[in-house]
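Laboratory data are not the source of any read-out in this text; all were calculated from the coordinates shown. Just so it is clear, the model here is predicted, and its values are computed rather than measured. Here the Cβ positions follow ideal geometry from the backbone for every residue, glycine too, while neighbour counts run over all protein chains shown.
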């Protein structure tokens, strides 16, 4: 590559060359547009300012602070504060109102269903499903069979204090004994009880099972909680066994398993985590899904 | 100038044999100093300028009484409440097809204008043209006409030049600011917003948009001008594909103008019976052109067909006592016919003009029909996605729906809800509140009410999915609207 000292004009195009010459091939000097160049310089200047103003240079245990004092954590905190202010009016109204009043006031109902739906998606849907449809062991909240009651007050109580949640002294507690594991009933007796329970619900018992014996065993072992007719007791959290809705399944095998192992599901006490307005919104949301009483 | 026009008149100047390799890739834009003209088309343009700008600047202040719950601005886009008001019409977001229809009509009107009289839009009505005209007018008042401006720009910086430039840009910015300021008035009650803007209590977004539009107006109409038409606007390209030999375009009548020569030579030539064109090559048409085109090189992308060169040329023709309209609205067909010694003709009704007119009429009538028969209430249903159905304790099955009942009247209304299609189905409205009676829903003025409706049957139905109709009837008129959905059921 040869360098010529004098900038020359390319005869063909009339443009100045850069003066670089590679075996007779010359490069035309077509500089970047000035506006582009100045924008580029401006970004460099901006970058220096940015580095000084914001956290930028990584250090061993953190980074430089920046004179504006901006921090991503404090930014989030202030965003949340802004959001709370934005919602204050409606959420305050929800916190102050009785759930029954909320449900019959269109504005409040809409707010509660929106806030409740959002809170449900975050807190409840992992167990109860996105639409509250539940799954085996997790109640379907759209249905009208409630273990602990389906009125607004019952639902609010359940959400606030949870079920079998040891950290909350007011939590709902019930204990189905493990009739099989604790050897209260023998395996063939359990089959008989299961047969009778299916009969109670209008289902056909397994073949060859003595349901008359099952009825006697049910009266002796189960009726104190579930009632003589199997219709359950909401005060004690004993499910109604005569409905079409089954929490753990209605097959003989499912029923036998429940009688064998006993116990029950656990639901956290949300009163410890959510504010009263959100609890009320959730109460109304769950109640309005369709099974509320 | 030719280098401006990559696909247009450039072809006249470029030696085709030389090939594309020899063309420079980029040539800096040359400033266009358009000269003031007087004449018919200039007057038409001033009139349209006053009319269009008048409408733009004053329309937000036009009032239209819609009752106490509605804004009283005649034309307003209420983004917060998602309504568009146009005098007696109020459009809801789901009726955006009216906008689609309007845009289709606008497109066809543009095509029709083009088939009849070329780029009328570009030359007379396009905001870019109108505002550029206004800006050029201000420029001429302050800095003088073409020659003076050229001389001043080439001359040294004097106190007067600095003062004039400063004044010009201030005036431009004021016009631009006023333009942006009016724009935001279309989105909020104009008198209220003006008061808020003046007391610096308006929403920041209003100031932001005024800023943005001030900037774009100042840059586009003050600095970019014909560059917008040449490089940014797609319409010249589309227009080139839509025009035909029967369309009236601003045309230099080469049959009459050529061979061009000076006035004296032409007179001499005529006395000898030799051919002499009327064009004296005075360059007035080029000087007047706001996009810097030489119309005598034929139709081009750069020509916005504003007709100012017609006025400029007519003035010269009058002075040299030759017939006017050497440059005129003319068609390619007529140029050929005149050359062949035939009478010029103009066919207004042609296949394409008739087609465009019919399409405009069709879309317009369809929209009119839709507007006249438009219902002032409606219902829509959304079935719960998850779960599709729920089995209840007693074996019954229920489906849940979100029902949206829209009341487009500016007063409270009650609607009676009924369901059809699912035999022996019962329904319940969740949270039927004050003002509702069982199946009667109260919907506020100009509002949509969303209610959750639970539909249940006592036992699973045959088939997994049964059509269901939700019908709401105005409790006073009895008129009803309905929507269809499905009722899902587990197997029997």
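Each peptide in B:159-167, B:279-287 was scored by the mean count of other Cβ atoms within 10 Å over its residues; highest first, the order is B:279-287, B:159-167. Rg and Dmax of segment A:175-263, based on Cα coordinates, read 11.6, 35 Å. Could you tell me how many degrees, from 0 to 90 and to the nearest 10, lie between the Cα long axis of helix B:40-58 and the main elongation axis, the longest principal axis, of the Cα atoms of chain B? Once rounded, the angle reads 30 degrees. Taking every Cα-Cα distance in chain A and sorting them into 5 Å bins from zero, the calculated P(r) comes out as 1, 5, 8, 10, 10, 8, 7, 6, 6, 5, 5, 4, 3, 3, 3, 3, 3, 3, 2, 2, 1, 1, 0, 0 percent.
For segment B:197-286, how big is Rg over Rh, using alpha carbon atoms and the Kirkwood form of Rh? Here Rg/Rh amounts to 1.33. Peptide A:142-149 has a mean of 4 when you count, residue by residue, the C-beta atoms of other protein chains within 10 Å of its C-beta. Measuring between their Cα centroids, segment B:438-492 and segment A:53-105 lie 40 Å from each other. Taken over segment A:230-276, the percentage of Cα pairs per 10 Å bin, counting from 0 up to the bin with the maximum distance, is 20, 44, 23, 12, 1.
Sequence-distant contacts, meaning Cα pairs under 8 Å at least 6 residues apart, place the relative contact order of chain A at 21 percent. Given springs between every Cα pair under 10 Å in a Gaussian network model of chain A, which of A:174, A:125, A:72 has the largest fluctuation? Comparing A:174, A:125, A:72 in the GNM, the peak value goes to A:72. Whole Å is fine, so just give me how far the alpha carbon centre of segment A:136-166 lies from that of segment B:77-143. Cα centres, segment A:136-166 to segment B:77-143: 59 Å. Kirkwood analysis of segment A:117-201, using all unique Cα-Cα pairs, places the hydrodynamic radius at 15.5 Å. At the listed q of 0.05, 0.08 Å⁻¹, the Debye profile of chain B, built from one uniform point per Cα, gives log10 I(q)/I(0) equal to -0.35, -0.72. Restricting the calculation to alpha carbons of segment A:67-164 gives Rg and Dmax of 17.2, 60 angstrom. Residue by residue along B:396-407, Cβ atoms of other protein chains within 10 Å of the local Cβ number 1 on average. The Rg/Rh ratio of the protein assembly as shown, with Rg taken over Cα atoms and Rh as the Kirkwood radius over Cα pairs, comes to 1.15. When you restrict to C-alpha pairs under 8 Å that are six or more residues apart and normalise by the size of chain B, the relative contact order lands at 14 percent. Take the alpha carbon gyration tensor of segment A:195-234, find the square roots of its eigenvalues, order them as a ≥ b ≥ c, and report rounded if a/c is under 1.5; if not, report prolate when a/b exceeds b/c, else oblate. Since a/c reaches 1.5 but b/c is at least a/b, the shape of segment A:195-234 is classed as oblate.
Shielding by partners for A:281-293, please: the mean number of other protein chain Cβ atoms within 10 Å of each residue's Cβ. Partner Cβ neighbours, averaged per residue: 3.
Ratio of Rg to Rh for segment A:1-117: 1.47 [Cα atoms; Kirkwood radius as inverse mean 1/r over pairs]. Each of the peptides B:91-99, A:258-266 was scored by the mean count of other Cβ atoms within 10 Å over its residues; in descending order, highest first, they stand as A:258-266, B:91-99.
Scoring B:135-144, B:386-395 by mean Cβ neighbours within 10 Å over their residues and listing the highest first yields B:386-395, B:135-144. For segment B:48-137, place one equal point scatterer on every Cα, skip the solvent, and apply the Debye formula. What is log10 of I(q)/I(0) at q = 0.11, 0.18, 0.19, 0.20 Å⁻¹? Taken in order of the listed q values, log10 I(q)/I(0) reads -0.46, -1.00, -1.04, -1.07. Per residue, the average separation of C-alpha pairs within less than 8 Å and at least 6 apart gives segment B:292-409 a relative contact order of 14 percent.
Principal-axis analysis of the Cα atoms of chain A puts helix A:252-261 at an angle of about 90° to the longest axis. Relative to the longest principal axis of the Cα atoms of chain A, helix A:34-53 runs at roughly 50 degrees.
In whole angstrom, how long is each semi-axis of the equivalent ellipsoid of segment B:249-339, when you take the square root of 5 times every eigenvalue of its Cα gyration tensor and sort them from largest down?
Three semi-axes, in Å: 22, 15, 10.
Normalised by 2.2 N^0.38 Å, where N is the number of residues, the alpha-carbon radius of gyration of segment B:25-238 equals 1.20.
Segment B:335-401 and segment B:222-282 have Cα centres lying 42 Å from one another. The residue B:89 and residue A:48 beta-carbon pair, evaluated with R₀ = 60 Å, returns a calculated FRET efficiency of approximately 0.65.
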